[in-house]
1. Contour minus end-to-end for Ser227 and Ala191, with contour as 0.36 nm per residue of separation and end-to-end as the Cα-Cα distance?
2. Remind me, what semi-axes does segment 186-381 give for its equivalent ellipsoid, largest first in whole Å, using sqrt of 5 times each Cα gyration tensor eigenvalue?
3. Step by step: find N for segment 242-352, compute 2.2 N^0.38 Å, then divide the Cα radius of gyration by it. What's the final number?
4. Run the reach check for Lys352 against aspartates and glutamates, Cα to Cα strictly under 19 Å, same-chain hits fewer than 8 apart removed. What comes back?
5. If I model a spin label as a point 7 Å beyond the Cα along the Cα-Cβ vector, how far apart are those points for Glu340 and Asp353 in nm?
6. If packing is taken as the average number of other Cβ atoms within 10 Å across a peptide's residues, how do 236-244, 204-212 rank, most packed first?
7. Just list whichever of Lys220/Lys347; Lys257/Lys379; Lys220/Lys362; Lys285/Lys367; Lys327/Lys351 have alpha carbons separated by over 28 Å in the model shown.
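Computed from the coordinates by the stated procedures, all read-outs in this text should not be read as laboratory data. Nothing here was measured: the structure is a model prediction, and the numbers come from that model. When we count neighbours, we look across all protein chains shown, and the Cβ atoms used for this are built from the backbone with ideal geometry, even at glycine.
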Amino acid sequence: MLQVPNLPNYQLPQPNYNAVKIDIHNPSVGNATCPIQQPQYNPQYAPVTSPYYTYPQTQLYDYPQAVNYQPAYLPQAQAPATASASATANAAATAQPVVQQPVVQQPAVQQPAPQACPPCPPCPAVPAPQVAEAAAAATVSAAPQQVNINQAPQPTPVVTEAPKAPAEAPKVEVVPPAPAAPLIDLNSFLARLSNPDFEVQANTMEEIANMVNDETQKAKATELLDSKVIDALTNIMTADSSKLAGPTQEQIAARQKLMNGQQISDQEKALATTITPMEQAERNKSYAMFTSAILQKLYGDEINKLTGTTVPLTELPAAMTIVDQLKDNPNPMVRTSAIEALSYIQKPEYKKDLTTLFTIAKNDQDKGVQEAAAAALDKLNQI
């Protein structure tokens with residue numbers, strides 16, 4: 001019985017089919033790469049120098065050898081030449097031939113040698129003045145490079161022209177609205193109302209009254225509804241005139257004759273009609289109350305147009321100052337003027353307060369004040 005010697009146990013490499021380990025640039029299957037590397041020589045599996053048994057040196061199986069036969073798994077390759085190559089050669093010379101499987105090596109994949117890019121033709125000469133324009137207009141292209149099949153293809157840089165700046169939009173000039181010019185010179189009115197000349201004060205107050213009563217100048221008159229104007233009129237009403245020069249005895253006698261219709265000389269007549277500084281100040285108090293009453297009525301009407309409400313009597317500008325003059329001023333002419341000013345601004349909403357004031361004024365010591373209060377009450381009862 002033919003016995004076959006124990007041959008070394010060859011462990012064939014198991015292929016590793018893993019999609020994760022596949023390199024798209026250097027594809028491989030399992031552990032084999034292109035070109036296939038031959039396994040290293042292992043002295044443990046050196047060929048047997050002499051057979052254990054003598055048997056005919058023929059193949060056990062006779063089958064036709066295919067020319068292009070390629071086994072499913074590669075057999076163990078012969079050991080490469082090492083330092084013990086001479087010893088192995090001597091042993092092989094004395095040993096009997098050993099049956100070996102045919103070794104078929106897979107042809108190595110030869111990578112194509114990179115071909116050099118042919119030289120570019122020389123660029124045509126550009127005239128000197130056009131060099132800058134040609135350089136700016138020319139598109140930049142990537143120079144030909146050697147292709148490496150083991151590397152991923154690199155994207156070709158694309159050079160585009162820089163975006164042009166947008167056309168500058170036409171500038172829109174914003175003109176701020178011009179402030180509305182005042183219709184009147186308020187400072188001029190204030191200066192004249194505070195002028196020490198009583199005649200200048202009187203003329204200014206007369207101008208204000210005429211402006212308010214004129215329908216064509218209502219817009220101008222509303223600009224006089226200023227706290228500074230009201231303060232100036234209040235100062236005139238409350239000014240102390242006791243220290244000012246009053247009428248002399250000669251003036252009083254000349255006025256008495258003129259009032260009784262007696263014959264007087266031109267000198268006495270001029271003396272009788274001359275107004276002293278104290279009388280001018282008291283007269284301007286009456287003017288100030290009338291002017292203030294006219295502005296109060298305008299103020300109340302404007303508030304009623306805007307809000308539909310009526311301003312209380314106590315909240316009208318300088319109204320309470322007029323009431324104080326009615327109660328406390330020693331001059332009967334000023335008290336009479338106060339009654340007439342309050343009667344000018346009367347409204348149904350003020351009827352109760354004004355009735356009380358006019359009723360008290362009917363008991364005044366001066367006959368002229370009593371008559372003015374009675375006339376104001378009759379007018380008040382008609383509304």
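1. So the chain would gain 11.5 nm between Ser227 and Ala191.
2. Numbers: eigenvalues 199, 98, 40 Å².
Values for segment 186-381, descending: 32, 22, 14 Å.
3. Details: Rg = 19.0 Å, N = 111, 2.2 N^0.38 = 13.2 Å.
So the Cα radius of gyration is 1.44 times the expected 2.2 N^0.38 Å.
4. Straight-distance partners of Lys352: Glu315, Asp324, Glu340, Asp378.
5. 2.3 nm
6. Details: 236-244: 14.7, 204-212: 18.1.
In descending order of packing, they fall as 204-212, 236-244.
7. On the way: Lys220/Lys347 25 Å; Lys257/Lys379 35 Å; Lys220/Lys362 38 Å; Lys285/Lys367 20 Å; Lys327/Lys351 18 Å.
In this structure, Lys257/Lys379; Lys220/Lys362 exceed 28 Å between Cα atoms.
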